[in-house]
Amino acid sequence: MSHDGTISRTDIERPAIERPDSVYFFGTCLVDLFYPEAGMAGMELLKAQGVRVVFPQGQSCCGQPAYNSGYREEALKVARAQLDYFPGDWPIVVPSGSCAGMMSKHWPDLFKGEPDEARACQVASRVWELTQFLVQVLKVKFEDQGPPVKITWHASCHAQREMGVTDEPKALLRQLANVELVELQREKECCGFGGTFAVRHPEISAAMVGDKVADIENTGAKAVVSGDCGCLMNISGALEGGKKPVRGVHIAQFLKERTHG
Amino acid sequence: MGETSINFAKASSAALQDQQLRGNFRRAMDGLMSKRAVQFADTAEWNGVRTLGASVRLRALSKLPELLEKLEANCTKNGIQVHWASTTDEANAIVLSIMQRVNAKLVVKGKSMVSEEMHLNAFLEKHGIESLESDLGEYIVQLDEAMPSHIIMPAIHMNTKQIAHLFKQKIKEAEYTEDVAQLTDLARRVLRKKFATADVGISGVNMAVAETGTLCLVENEGNGRMSTTVPPVHIAVMGLEKVVEKLEDVPPVISLLTRSATAQPITTYVNMISSPRKEGEKDGPNEIHLVILDNGRSGIYADEELRNTLRCIRCGACMNHCPVYTKVGGHAYQAPYPGPIGSILMPQVEGLEKRGELPHACTMCNACVEICPVKIPIVEIMGRLRSEAVHPGDAVKGAGSHASKAEAMVWKGWSMTYASPLAYQFATALLAKLGNAAPASLPLLKEWTNVRSKPRFASRTLHALAREKGIPDV
Ligand code: SF4
């Protein structure tokens, strides 16, 4: 993000880097508790490209829940605790645009004026969203091994607007020969999760996810794929709650299923 | 929350029940978004003009006090009388005293959000002065005794049928019709009569040029032009941030403003007002007054991060693109400025005690930031205000007023757990084992499960799986 805090695609694009021997994997707290199979799939996708994956067991959370709720000191404490676990200068790959955005865009502000500011900025500069890393750095080529299926893609707000990840996930999905990707009419519109927003304003959030579900149903897709577990929990929760025959799946897991059988 | 605090949740809940209203907003905002996208289809041009627009506003703010002095000096030189008001009460009193001096009974108003901020109509009415909105949307809202629901399109919450009923009910000579041209014509006839007899015209200001002492006003209907030229006295009201340095700053800002607001390359009228009627001129008021309102703005200006709020050119694009605004409509915010900009401006102007809920009326999706033509970091300011609301401080009025011991404890406990690997692994292992036993009736979970299934904890965490699969730790 530029110094005045605004977003433009040129700010977001990561400088190209060489394919590294090793990467760190930052699992995120939601993946850890609710979608560990998506996390495992993400690591396996990386390993399948010949990259060594390190999962520091000391990691927990990027601090975003507290940060967005106005509790910055608490967020700082948790973010600071992460710094020790990524000492090598390898890229840090995150299977969530939202947490990647927190680490790479907000940590520099969060740590401003703190003794470990430089260190936090150094860590932040090594953060990549998973699909962004697969496309831009590893330049993966997938071969589809699954049966024909029609799916749609939900773009997470922070992936697209904080990390600048817009085309990468769709480019990956389009590599899959038997997968028909139908785009949502309101692909870029927020699903209404917003961390604590969903419980602070449950009715508005319900209306938002309601629109999202209707949009998904209109595509006739069998699955909605997303790169963010917050969105996924919200959207697939609403699909299930409304007894809709569409499943929500994390992109890492979907890619893994299609390519490794 | 204080007694006077505004309940956004309650108001939005009512709005969500109203299917008609939801349909009106969804359709209107979808239309505005797609029309705007066409205007800025060229990304390079958008980036260029946006950077220019933002830099004009930033430069103006960087020397705000100096530019305001210059504006006053040049306006005065041009014969425009400048008045300063630090509160809305003061601004209202200034307007009233001018009216009383010229014995005004009838005022026609062009569209002005600052006058909404001042609740000027109600104030004038209390003092026996009739104040008539002349912008069609504002006129409709005034007839309906409501507030504008959008800063550019005040009556966007209503459809033609509703307006037709309103006119029939409130305008004596009205026949019921749903024909838009006839409705517009009817309003025009009512308003034209009033223009001729009004004693004073009131307008807002889109930009005031310091270097030349010129007031710029953009509009589409010609009513603004009538309000500022027909009555013998013109009073313009503006927030103190509306100043720009030079005449050449005006075109890029207008271009961004009109394209972002209504997707027009330019509006029908761009009025540049630089002096009262001079000898030999055929029209124009004999007196022009400029009321410059502070109302908390100098406090906002004092804080470097919050100051960015004052960049706003009031185009309304952030509302049009806000998924929350689109669902609940402008009235749910119960503020003259709704939507994303209102959610950061209102708490700063009126204090967090009263408006502390507004920074939470947001999922932080950043759609507004992406669209704002002057690059205001709206969501960052939103986050800052959330933090101010729970921590005592003096940057924003009412800082700390939403502090809740229970909430603070929760976050403290959270940070202690999440900052310690041992505590974290213990807690997550416990949740993985027992979390699914939590009843759906628990607070928070209950809200969540109203429309969604309960989130299911996996039986083993990612940490555990990674260990089992022998993924290296260092
Ligand atoms: S904040 Fe930006 S988008 Fe919103 S009204 Fe102001 S200038 Fe327009």
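Summary of values
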{"read-out": "Residue match in the range B:109-126 (condition: in a strand (DSSP E or B) and either within 25 Å of the chain's Cα centre (by Cα) or modelled with pLDDT under 95 (or both))", "value": "yes"}
{"read-out": "The range A:123-163, residues that are of a type in the set (Ser, Thr, Tyr) and either in a helix (DSSP H, G or I) or under 15 Å from the mean Cα position of the chain (by Cα) (or both)", "value": "A:Thr131, A:Ser156"}
{"read-out": "Scan of the range A:209-258 for residues that are without any contact (Cβ under 8 Å) to a residue 24 or more places away in the chain and among the hydroxyl-bearing types (Ser, Thr, Tyr), ordered by number", "value": "A:Ser236"}
{"read-out": "Residues located in the range A:74-86, provided they are at the interface with chain B (Cβ under 8 Å from one of its Cβ atoms) and surrounded by fewer than 22 Cβ atoms within 10 Å (Cβ to Cβ)", "value": "A:Lys77, A:Arg80, A:Ala81"}
{"read-out": "Which numbered condition B:Ala419 fails, given (1) within 23 Å of the chain's Cα centre (by Cα); (2) facing chain A (nearest Cβ under 10 Å)", "value": "(1)"}
{"read-out": "Candidates B:Leu52, B:Leu21, filtered to the one that is more than 11 Å from every other protein chain (Cβ to nearest Cβ), assigned to a helix (DSSP H, G or I) and under 29 Å from B:Gly356 (Cβ atoms)", "value": "B:Leu21"}
{"read-out": "Selected residue (criterion: surrounded by the fewest Cβ atoms within 10 Å (Cβ to Cβ)) from residues of the range B:303-343 that are away from chain A (no Cβ under 12 Å), more than 8 Å from the ligand (Cβ to nearest atom) and of a type in the set (A, V, I, L, M, F, W, C)", "value": "B:Leu310"}
{"read-out": "Close pairs from the range B:362-378: first charged (D, E, K, R), partner at pLDDT 95 or above and within 10 Å of the ligand (Cβ to nearest atom), Cβ under 7 Å, at least 6 apart", "value": "B:Lys375/B:Ala54"}
{"read-out": "Residue selected from the range B:372-396 under the condition away from the ligand (no atom under 16 Å from the Cβ) and more than 8 Å from chain A (Cβ to nearest Cβ), by the criterion nearest to B:Met409 (Cα to Cα)", "value": "B:Pro392"}
{"read-out": "Residue count, the range B:257-278 (criterion: more than 13 Å from the ligand (Cβ to nearest atom), hydroxyl-bearing (Ser, Thr, Tyr) and out of contact with any Lys or Arg (no Cβ under 7 Å at 6 or more places or on another chain))", "value": "4"}
{"read-out": "Any hit, the range B:344-366, residues being under 30 Å from A:Arg186 (Cα atoms), within 14 Å of the ligand (Cβ to nearest atom), among the small types (Gly, Ala, Ser) and crowded, with 24+ Cβ neighbours inside 10 Å", "value": "no"}
{"read-out": "Among the residues listed as A:Ala207, A:Ala198, the single one being within 7 Å of chain B (Cβ to nearest Cβ) and either in contact with a Leu (Cβ under 6 Å, 6 or more places away or on another chain) or not aliphatic (A, V, I, L, M) (or both)", "value": "A:Ala207"}
{"read-out": "Selected residue [within 14 Å of chain B (Cβ to nearest Cβ) and not aliphatic (A, V, I, L, M)] from A:Gly164, A:Gly220", "value": "A:Gly164"}
{"read-out": "Cβ-Cβ under 6 Å pairs, at least 6 apart or on other chains, the range B:121-138 side without any contact (Cβ under 8 Å) to a residue 24 or more places away in the chain, far side buried (at least 19 other Cβ atoms within 10 Å of the Cβ)", "value": "B:Asn121/B:Ser131"}
{"read-out": "B:Ile202 being closer than 21 Å to B:Gly329 by Cα and modelled with pLDDT of 95 or more", "value": "no"}
{"read-out": "Hey, B:Asp185 without any contact (Cβ under 8 Å) to a residue 12 or more places away in the chain and outside any loop (DSSP other than H, G, I, E, B) or not", "value": "yes"}
{"read-out": "Residue match in the range B:239-246 (condition: within 30 Å of B:Glu90 (Cβ to Cβ), out of contact with any helix residue (DSSP H, G or I) (no Cβ under 7 Å at 6 or more places or on another chain) and within 16 Å of the ligand (Cβ to nearest atom))", "value": "yes"}
{"read-out": "For A:Leu110: the one exception among (1) under 14 Å from the mean Cα position of the chain (by Cα); (2) within 11 Å of chain B (Cβ to nearest Cβ)", "value": "(1)"}
{"read-out": "Residues within the range A:59-107 that are in contact (Cβ under 8 Å) with a residue 24 or more places away in the chain and part of a loop (DSSP other than H, G, I, E, B), tallied", "value": "14"}
{"read-out": "Hits in the range B:422-455 (condition: of a type outside the set (A, V, I, L, M, F, W, C) and more than 7 Å from chain A (Cβ to nearest Cβ))", "value": "B:Gln425, B:Lys433, B:Gly435, B:Asn436, B:Pro439, B:Ser441, B:Pro443, B:Lys446, B:Thr449, B:Lys454"}
{"read-out": "Count of residues meeting criterion [assigned to a helix (DSSP H, G or I) and under 27 Å from B:Lys242 (Cα atoms)] in the range B:24-42", "value": "7"}
{"read-out": "Cβ-Cβ under 9 Å pairs, at least 6 apart or on other chains, the range A:195-208 side without any contact (Cβ under 8 Å) to a residue 12 or more places away in the chain and more than 14 Å from B:Lys10 (Cα to Cα), far side β-branched (Val, Ile, Thr) and in a helix (DSSP H, G or I)", "value": "A:Phe197/A:Ile204; A:Phe197/B:Val324"}
{"read-out": "All positions within the range B:149-192 that are touching a Lys or Arg at 6+ places or on another chain (Cβ under 7 Å), of a type in the set (A, V, I, L, M, F, W, C) and modelled with pLDDT under 95", "value": "B:Ala174"}
{"read-out": "Test: residue in the range A:28-45 that is at the interface with another protein chain (Cβ under 7 Å from one of its Cβ atoms), part of a strand (DSSP E or B) and in contact (Cβ under 8 Å) with a residue 12 or more places away in the chain", "value": "no"}
{"read-out": "Contacts under 7 angstrom Cβ, first residue in the range B:63-85 being closer than 18 Å to B:Arg297 by Cα, partner among the aliphatic types (A, V, I, L, M) and in a helix (DSSP H, G or I), 6 or more apart", "value": "B:Leu67/B:Ala60; B:Leu68/B:Leu240; B:His83/B:Ile94; B:Ala85/B:Ala91; B:Ala85/B:Ile94"}
{"read-out": "Close pairs from the range B:87-101: first part of a helix (DSSP H, G or I), partner polar (S, T, N, Q), Cβ under 6 Å, at least 6 apart", "value": "B:Thr88/B:Asn295"}
{"read-out": "Pairs where the first residue, in the range B:162-177, is part of a loop (DSSP other than H, G, I, E, B) and the second is of a type in the set (Ser, Thr, Tyr), C-beta under 9 Å, 6+ apart", "value": "none"}
{"read-out": "Matching residues, the range B:279-297, being free of Cβ contacts under 8 Å to residues at least 60 places away in the same chain and either within 14 Å of the ligand (Cβ to nearest atom) or out of contact with any Lys or Arg (no Cβ under 9 Å at 6 or more places or on another chain) (or both)", "value": "B:Glu279, B:Gly280, B:Glu281, B:Lys282, B:Arg297"}
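The values are calculated or read from the model by the stated rules, or taken from the named source; none is laboratory data. Predicted model, so just to flag it, every value in this text is computed and none were measured. Here the Cβ is made from the backbone with ideal geometry for all residues, glycine too, and neighbour counts use every protein chain on show.
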